1. In whole Hz, what ³J(HN,Hα) sequence does segment A:33-38 give by Karplus (6.51, -1.76, 1.60; θ = phi - 60°), x for Gly and Pro?
2. Residues of segment B:122-166 losing 40 Å² or more of accessible area relative to the isolated chain, 1.4 Å probe, heavy atoms only?
3. Divide by every residue of chain A the summed helix terms, -39500 (n - 2.57) for each DSSP H run of at least 4, and state the resulting mean residue ellipticity at 222 nm, rounded to the nearest 500 deg cm²/dmol.
4. Rounded to the nearest Å, what's the spacing between the alpha carbon centres of segment B:260-298 and segment B:60-93? Just the number, please.
5. Can you tell me the orientation of helix A:63-88 relative to chain A, as the angle in degrees between its alpha-carbon axis and the longest Cα principal axis, to the nearest 10?
6. Roughly how many Å is it from the Cα centre of segment A:65-89 to that of segment B:129-171, as a whole number?
7. Ranked by accessible surface with a 1.4 Å probe, highest first, in what order do B:Cys244, A:Cys68 come?
8. Note the buried accessible area between B and A here, summed over both chains, with a 1.4 Å probe, in Å² to the nearest 100.
Amino acid sequence: MLIIRIAVLAVVGGVLSLSLKKDQPAFAFLLSVAGTAALLLGIAGQMRPLLGYLQALAGSGQTQSIQCLVRVLGIALAAQFAADTCRDAGMQAAAAGAELCGRVLALAQALPLLQTLVDTLLSLLQ
Amino acid sequence: MPFSADAGGWQLWPLLTWLAGLAAQGGGGPLRFAGQTLLYLLLAGTAGLLCTGPAWKKCLDAVAVLGFGVLCLGAMADLVNRVGDAAQQCQTYLAAFVPVFSGVLALGGQASGAAAYGGLFFAVSGFLAMGIERVLLPVMRIYFCFSVSASVWGDSAAAEAAGLFGRCLNWLLRGCGALFGIVLGLQNVLAGLADNAAVRMGGTALAGAIPLVGDAAAAALSGAAAAVHLLKGGLALALVVTLCTAFLPVFLRCALYYLAFSVSAIAAAGCGQRQCAGICRLLAEGARLCASILTLYFFMVFLSTALLLITGNGGM
């Protein structure tokens, strides 16, 4: 089963990373990043039908709202992953920077939605 | 309408088909809207679950409430326009109907009723239609905008203020309904009493003043009044059917939107979308207020016509 393989991979990666951390911290960091990437690649196959379903639903109406939400979710997950990876490497400033970049990009994605809301409010009041 | 205003010719199946057609006109939009909102809330809830950080969850909630506000405001703008159109359509129909009905009332011996219907009732209905278009519906638009803005802002005080706004509108509509009901009901009863007395006096005068044929003349007067009363009933029925055609789909739409928002409020609360649940509660109240506006106008017109029909009996 997929979840058991993912769990085993996560445990093995963690143990190897811990064993290398004392002597070779750089390699331990690279191993933890590679392990995380492998976990995400493993679940990517499961995401494809879900993304296809979301696209079909977005096509049924309210495209802008649903697309914006999905994009912001993607930005949030990517920024979270980058920030956590930086924290693993002990780089707090880089983690904060990654989170800030993620928030700015999420805001940029939400701006058209905000504009649509303001336009709808104005048209209703006129 | 697929059938005539003569109730004697109605059959059950065409009547049911007509009612189903009216229901379909009003029901399609709100049901689609309910599906869209539930889907959107499910998606927003799932997105919230996938994000573990509290800061990112807040960010996602903010985007979700923006999108939900856009979705709901579009639907409410459409509803408000339909309510205004229904009232205007009815008023346009009354402009043609009232002179005809007043003429029939006068012909049937209800001169005071005809004057009341053609004068006071038409003026009041025109005033109410104008009040709905110029005052109530703009206020409803402001209420919808304020509700969505308050919920997007997320401050509990603003949401409470929007709730208070809704309650004030509720009390205002109840007051208007009570006032119009009292004024029109009283006017119709008094006009009916005056007309009944006048026709009875006319019959008595005929029977007493004209020998031999006076009784026959009085009976003929009653017979003619009865025939006109039947015509009056047919016209009033035509009005009621026309009102139903104009109001029923919009009223059903308001009721379905109320249900859709109520269910969405529960779904939003379940998905952890507190602000979206606030939007749903406030807009459900708004849909209920739109239905109240329609009900006020419909029953004002219906009650006035029905009271004239019931209280004026042409001396029978």
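The values are calculated or read from the model by the stated rules, or taken from the named source; none is laboratory data. Remember, predicted model here, so these are calculated numbers, not experimental data. Surface areas here come from the heavy atoms of the whole protein model, side chains and all, with no ligands, DNA or RNA. Shrake-Rupley method; radii C 1.70, N 1.55, O 1.52, S 1.80 Å.
1. 5, 5, x, 5, 4, 5
2. B:Arg141, B:Cys145
3. -33000 deg cm²/dmol
4. Distance between centres, Cα-based: 12 Å.
5. That works out to roughly 20 degrees.
6. So the separation of the two Cα centres works out to 37 Å.
7. Values: B:Cys244 40, A:Cys68 5 Å².
I get B:Cys244, A:Cys68, largest accessible area first.
8. Numbers: alone 15390 and 9320 Å², together 22100 Å².
Interface area, both chains combined: 2600 Å², rounded to the nearest 100.
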